[in-house]
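Structure first, then comments.
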Amino acid sequence: MTRYIMTEAEKENLINLLDSLVMAAVPKASKVAKYGGTLYTLKPDEKEGQFCGVFPYKAHVQLSFAHGASLDDPDGLLEGGGKFRRHLTYKSTDDVDANVVKRFCKAAIKL
């Protein structure tokens, strides 16, 4: 079985889309380049202010939520089993539901 690897252009388009949706949901957010991706925070000088991040991988891009385990997720969209973090995984811009991204981002800043 061949594993699909995203082209750099596909990855960049997906990252740009997720970035625009996060910033539309939380216009006061600051961006911090870290861990190979972009962290979004309302308190740039405090680690606890980070509410989500966009991280590229070979075959997908993740939108990760720092306190995702505490987010209301009645549809079971969030992935991950860690103590705090949860994420959404995207392989294409077509997979992105803008309303879902914005809803999780707005909820994440309240935690």
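Legend: ranking of residues ILE15, ILE5, ILE109 from fewest to most surrounding C-beta atoms inside 10 Å; resulting order ILE5, ILE109, ILE15. Averaging the Cα positions of each part gives two centres, and for the stretch 1-66 and the stretch 77-92 these lie 13 Å apart. The stretch between ASP97 and ASP75 holds 6.6 nm of extra length on full extension. This uses 0.36 nm per residue minus the Cα-Cα distance. Taken along the Cα-to-beta-carbon direction at a fixed 7 Å, the label points for ALA24 and TYR4 span 2.3 nm. Scaled to the globular estimate 2.2 N^0.38 Å, the Cα spread of the stretch 72-111, given as radius of gyration, is 1.20. Cross-link partners of LYS58 among lysines, defined as those whose alpha carbon lies under 20 angstrom from its own and excluding same-chain residues fewer than eight positions apart: LYS11, LYS34, LYS91. Within the chain, the longest run free of trypsin sites (Lys or Arg not before Pro) that sit in a DSSP loop with at most 10 other Cβ atoms within 10 Å is 29-57. Would you please calculate the Kirkwood hydrodynamic radius of the chain over all C-alpha pairs and express it in Å, rounded to one decimal? It is 14.1 Å.
Throughout, read-outs are computed from the coordinates displayed, never taken from laboratory work. Since the structure is predicted, the reported quantities are computational estimates derived from the model, not experimental observations. We place every Cβ from the backbone using ideal geometry, glycine too, and count neighbours over all the protein chains shown.
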